[in-house]
Amino acid sequence: MMSPMASLFLTLAVLTTGLYAGFLLTFLIAVMPGLAALPDAGFAAAMRRFNEKVPGPAFLLLFLGVIAFPAVPVVTETGEDTWPLLLAALLCAVASHLITIAGNIPLNNALAQSEGGDDTAARAAFEARWNTFHRIRTALSLAAFALLAVAAV
């Protein structure tokens, strides 16, 4: 049986990972397709504004919680039958974050720096690559959530 502390952190991990995966999925299936229909200047302006607003306190709590909360039961419950699921979920979350840090954030920064310039060129350098990274990190986050949900039952 999992310790009360590990159970609490597993519950927090399921909640934060589910919220984070849902946020990414919403961008994948609704926001980005909606933005794709905009002209270049509108697309670039909208993405710049999103990129300014997203790393707020609530997002950062989710972003950090997706790693911190499952790490506790992984470290403390090494004898549990759920340990492989917890470890796999944590590895998926870490991989998703690495893609965000190494892929999406540099593209966001480049788009921000292009403000006032050629929005058509900025979009061409941004959109397809950003969406590819985003699809991968969304899939990894959904996998982390599923693994944690299975571990919790």
Percent relative contact order for the chain, counting Cα pairs under 8 Å at least six residues apart, stands at 40
Output ³J(HN,Hα) for the stretch 129-141: one whole-Hz value per residue in order, computed from phi by the Karplus curve 6.51 cos²θ - 1.76 cosθ + 1.60 with θ = phi - 60°, and x for Gly and Pro. 5, 4, 5, 4, 4, 5, 4, 5, 5, 5, 4, 5, 5
Which of the peptides 2-12, 142-152, 17-27 is most tightly packed, and how do the rest follow, judged by the mean count of other Cβ atoms within 10 Å per residue? 142-152, 17-27, 2-12
How much of the accessible area of the chain, probe 1.4 Å, is carbon plus sulfur, in whole percent? 75
Which residue, Ile101, Ala37, Thr26, has the largest displacement toward the positive end of the dipole of the chain when charges sit on each Cβ (Lys, Arg +1; Asp, Glu -1)? Ala37
On average, how much accessible surface per residue is there in the stretch 100-153, in Å², for a 1.4 Å probe, leaving out ligands, DNA and RNA? 51
Separation of alpha-carbon centers, the stretch 101-153 and the stretch 1-53, rounded to whole Å: 10
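The values are calculated or read from the model by the stated rules, or taken from the named source; none is laboratory data. Just so it is clear, the structure is predicted and the values come from calculations on it, not from any experiment. A quick note on method: Cβ atoms are made from the backbone with ideal geometry, for glycine too, and the neighbour counts reach across all protein chains shown. Please note that ligands, DNA and RNA were not included when accessible areas were found on the heavy atoms of the full protein model with its side chains. Shrake-Rupley method; radii C 1.70, N 1.55, O 1.52, S 1.80 Å.
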